[in-house]
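Read the structure below first, then the notes.
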Amino acid sequence: MSSPNGTSPVHAPAYDYLIVGCGLFGATFARLATDAGLRCLVIDRRSHIGGNCYTERLEGINVHRYGAHIFHTSNKAVWDFVHRFADFNNYINSPKAHRGQALFPALQHEHLL
Ligand SMILES: Cc1cc2nc3c(=O)[nH]c(=O)nc-3n(C[C@H](O)[C@H](O)[C@H](O)COP(=O)(O)OP(=O)(O)OC[C@H]3O[C@@H](n4cnc5c(N)ncnc54)[C@H](O)[C@@H]3O)c2cc1C
């Protein structure tokens, strides 16, 4: 279809951004850009969103498909942002290791040497 003067009509692009990958970065960028009034198309080669942080529900349990993830930040703006989308429990990562009869914080490797 052409315009009355014979030129091709100019269409507004359907999207402002094409975002390849829907991990934390792509999803966050898309959310913030959409909140700012921009139009985003997000694609991913995987069949799910979330990238490496993805969890799937297996027999009533949330399983981290690509390895365990713990969210941590000291940035209030980041903390407030993620709370828009999920509730968090008060899990604290404090693995312990046995050596003989003693129990050590597993993240302080020098105690195990
Ligand atoms: C085992 C493991 C444990 C981790 N534990 C923690 C943790 O406890 N705490 C923490 O803060 N961080 C952790 N991380 C790091 C965290 O996973 C990453 O920082 C975060 O997922 C990065 O997000 P991203 O969006 O940059 O990339 P990704 O999560 O990798 O997402 C990228 C997405 O892009 C897609 N993609 C890539 N190329 C293409 C393409 N050509 N076309 C279409 N789609 C494409 C991929 O399929 C993927 O879904 C861990 C990482 C791993 C692997």
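Quick notes on this structure:
- Positive-end residue, segment 17-112 charge dipole about Cα centroid, Cβ charges, pick of Phe71, Ser94, Gly37: Gly37
- Stretched out straight at 0.36 nm per residue, the stretch from Asp87 to His64 would grow longer than its current Cα-Cα span by 6.6 nm.
- The chain: equivalent-ellipsoid semi-axes (sqrt of 5 x gyration tensor eigenvalues, Cα, Å): 47, 16, 13
- Fraction of antiparallel bridges per DSSP, segment 17-112 only, in percent to nearest 5: 65
- Placing R0 at 30 angstrom, the Cβ-Cβ distance between Ala106 and Glu56 gives a FRET efficiency of 0.65 after rounding to 0.05.
- Axis angle, to the nearest 10 degrees, between helix 24-35 and the longest C-alpha principal axis of the chain: 50 degrees.
Read-outs throughout are calculated quantities, based only on the coordinates presented, and are distinct from any laboratory measurement. What you see is a predicted model; the values in this text were computed from it and never measured. A quick note on method: Cβ atoms are made from the backbone with ideal geometry, for glycine too, and the neighbour counts reach across all protein chains shown.
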